[in-house]
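Asker: Structure below; questions to follow.
What follows is calculated from the coordinates using simple rules that are stated; it is not laboratory data. Only a predicted model underlies this, so the values are computations on that prediction, with no experimental measurement involved. As a convention, Cβ positions derive from the backbone with ideal geometry for all residues, glycine included, and neighbour counts pool all protein chains shown.
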Amino acid sequence: MATLQVELVAVEKTIWSGEASMVIARTTEGEIGVLPGHAPLLGELAPGGVVTIRSTEGPDVVVAAHGGFLSVTPQGVSILAENAEISSDIDVERAREALRRAESAGDDPESLAAARRAQSRLRAAGQAV
Amino acid sequence: MAGSLRALRRRIRSTQSTKKIFSAQELIAGARIVRAQARVEASKPYAREITRVLSALASSASLEHPLLNERTGTGRAAVLVVTSDRGFAGSYNVNVLRRTEELLGTLRQQGKDPVLYVIGRKGETYYSFRDRPVEETFTGFSEQPAYSDAQEVGRSLIDVFAPGDDAGRSATVDEVHIVYTEFVSLLSQVPVARRLAPVDTEELQRDDEDSADGTGVGPSGVPTSYEFEPSPDALLDSLLPKYVTTRIYAALLEAAASESASRRRAMKSASDNAEELAKNLSRQANQARQAEITQEISEIVGGADALVSAGADD
């Protein structure tokens, strides 16, 4: 079966890389699922979005990716994110706290971005927001 | 004589304790280099990917973006100088600042008015001591820069270069340059000046080709034609500032590695010097002690001789 070579890179390090059968992400235009053989694509990930990687070895990798891009080439898929966290590393309590703080802080762009980051972390961790 | 011996011993002690400080600094810097180099390596995949994506995009979009095009509206150029927060780093800061002066000279010759942005306390004091205007300073992260620091710096610079449509004001600078120290090897760090914005598309494509696999080109040798979500221009809009920030971040990491390497070298020669100084001083102290003993003996012998000859006279 054909697989995708997936790389998830954040600015400070490569977070995950390996083989996958499918990548599901949400771009600013809507949800997208990438299967092997997908046409080359560049997309901007929606703020507060979650990326799911169907890994061929092991369980799905769910990642909170903020401020990122998705690039699909014949060689594979790469996801670029300014901040990214794998769901198993997310501290739900802290994310909730961050969300509360950001929401009460007001409407400036800074705290809106913080709120979106917290939301994406919670969504990746499987919590309702 | 006893006084000079005491003074010498005191100097030996103080030299030895400063030497301890130097060699501790040397060890810390040595450990930091390794960590800084690891961080430079860790940041490379992202930098490579974003260069590739942008290069692919640049060949598809209309290239009308302000971050890509040269212009001469305001006659001002921003210069970002990366220096260290702490001293004890040999010629590190001096070299960066000298390179900056060169760049400022070139810019002035081209009829541009340079505006300074400074990272690091050393650069800050350099310019404030000389009463030179500095637009903005950033301090406190020169040894261990985080991406958020680069974002903060990037925001300020992009804000003056390309404020965006909703900011309701126009750009105040035409160009953004950065001066930082490139980490060539443990023994060699070179101050370099680069242009951050407008982004040089040719350099971008060259960088992309350098990254080995040439993923911008399909198997048959023709450039891959991408689908874009959203439109190429909108993508370019959000990608370019991130690219600039990534460049700043990479420069900060390089500078941090260079700073530690430079500090280690400076501290190594300082502790070597201290050791030699202590050795010379203890030689002098020994001589002084010996002279003291010799003098005492000759005084005793002289005294005894005097007594003997006095007794013989009786």
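Asker: Hey, can you rank B:239-247, A:69-77 by average C-beta count inside 10 Å, highest first?
Answerer: The peptides rank, most packed first, as B:239-247, A:69-77.
Asker: In the Gaussian network model of chain A, springs joining C-alpha atoms below 10 Å, which of A:GLY43, A:GLY33, A:GLY58 carries the largest mean-square fluctuation?
Answerer: Of the options given, A:GLY58 has the highest mean-square fluctuation.
Asker: Oh, and also: Please list, in order along region B:287-296, the HN-Hα scalar couplings obtained from phi with the Karplus expression 6.51 cos²θ - 1.76 cosθ + 1.60 (θ = phi - 60°), rounded to whole Hz, x for Gly and Pro.
Answerer: Working through the residues one at a time gives 4, 5, 5, 5, 4, 4, 4, 4, 5, 4 Hz.
Asker: Specify the angular offset, from 0 to 90 degrees and rounded to the nearest 10, of the alpha carbon long axis of helix B:201-210 from the longest principal axis of the alpha carbons in chain B.
Answerer: That works out to roughly 70 degrees.
Asker: Can you tell me the orientation of helix B:147-161 relative to chain B, as the angle in degrees between its alpha-carbon axis and the longest Cα principal axis, to the nearest 10?
Answerer: 60
Asker: Sticking with this structure for a sec: Once phi is turned into ³J(HN,Hα) by the Karplus curve 6.51 cos²θ - 1.76 cosθ + 1.60 with θ = phi - 60°, what whole-Hz value does each residue of region B:39-53 show in order, with x for glycine and proline?
Answerer: Karplus values, whole Hz, x for Gly and Pro: 5, 4, 4, 5, 7, 5, x, 5, 4, 5, 5, 5, 5, 5, 4.
Asker: Angle check, please: helix A:92-104 long axis (alpha carbons) against the longest principal axis of chain A (alpha carbons), in degrees 0 to 90, nearest 10.
Answerer: In chain A, helix A:92-104 runs at an angle near 60 degrees to the longest axis.
Asker: What is the mean number of Cβ atoms from other protein chains located within 10 Å of the Cβ atom of each residue in peptide A:67-77, rounded to a whole number? Numbers along the way, then the final one.
Answerer: On the way: counts 3, 1, 9, 2, 8, 3, 9, 4, 5, 1, 0.
The per-residue average across the peptide is 4.
Asker: Right, here's the next one. Would region A:4-87 count as rounded, prolate or oblate if I go by the C-alpha gyration tensor, calling it rounded below 1.5 in a/c and otherwise prolate when a/b exceeds b/c, oblate otherwise?
Answerer: Judged from the Cα gyration tensor, region A:4-87 comes out rounded (a/c under 1.5).
Asker: Another question, then. Starting from the amide H of B:LEU196, placed 1.01 Å from N in the peptide plane, find each other amide H under 5 Å away whose residue is 5 or more places distant or on another chain.
Answerer: Result for B:LEU196 returns B:VAL176, B:HIS177, B:ILE178.
Asker: Can you tell me what the convex hull of the Cα atoms of the protein assembly as shown projects to on average, as an area in nm²?
Answerer: Taking a quarter of the hull surface, the average projection is 33.5 nm².
Asker: Enumerate the calculated ³J(HN,Hα) couplings along region B:255-265 in order (Karplus 6.51 cos²θ - 1.76 cosθ + 1.60, θ = phi - 60°), each rounded to whole Hz, writing x wherever the residue is Gly or Pro.
Answerer: 5, 5, 5, 5, 4, 5, 5, 5, 5, 4, 5
Asker: Rank by packing, highest mean first: peptides A:92-98, B:268-274, A:103-109, with packing defined as the count of other Cβ atoms within 10 Å averaged across residues.
Answerer: Numbers: A:92-98: 14.4, B:268-274: 16.4, A:103-109: 9.7.
By packing density, highest mean first, the sequence is B:268-274, A:92-98, A:103-109.
Asker: Name the residue farthest towards the positive end of the dipole of the protein assembly as shown from the options B:PHE88, B:THR201, B:PHE161, assuming +1 on Cβ of Lys and Arg, -1 on Cβ of Asp and Glu, about the Cα centre.
Answerer: Going by the Cα projections, it comes out as B:PHE88.
Asker: Taking the Cα centre of region A:4-87 as origin and charging only Cβ (+1 Lys, Arg; -1 Asp, Glu), how large is the dipole, in debye to the nearest 20?
Answerer: With Lys and Arg at +1 and Asp and Glu at -1, about 80 debye.
Asker: Can you list residues from other chains, or at least 5 along the same chain, whose modelled amide H is less than 5 Å from the amide H of B:PHE138?
Answerer: B:VAL118, B:ILE119, B:GLY120
Asker: Partner chain Cβ atoms within 10 Å, averaged over the residues of B:43-54 - can you pull that number for me? Walk me through the intermediate numbers first.
Answerer: Numbers: counts 6, 3, 11, 11, 3, 2, 8, 6, 0, 4, 7, 2.
Partner Cβ neighbours, averaged per residue: 5.
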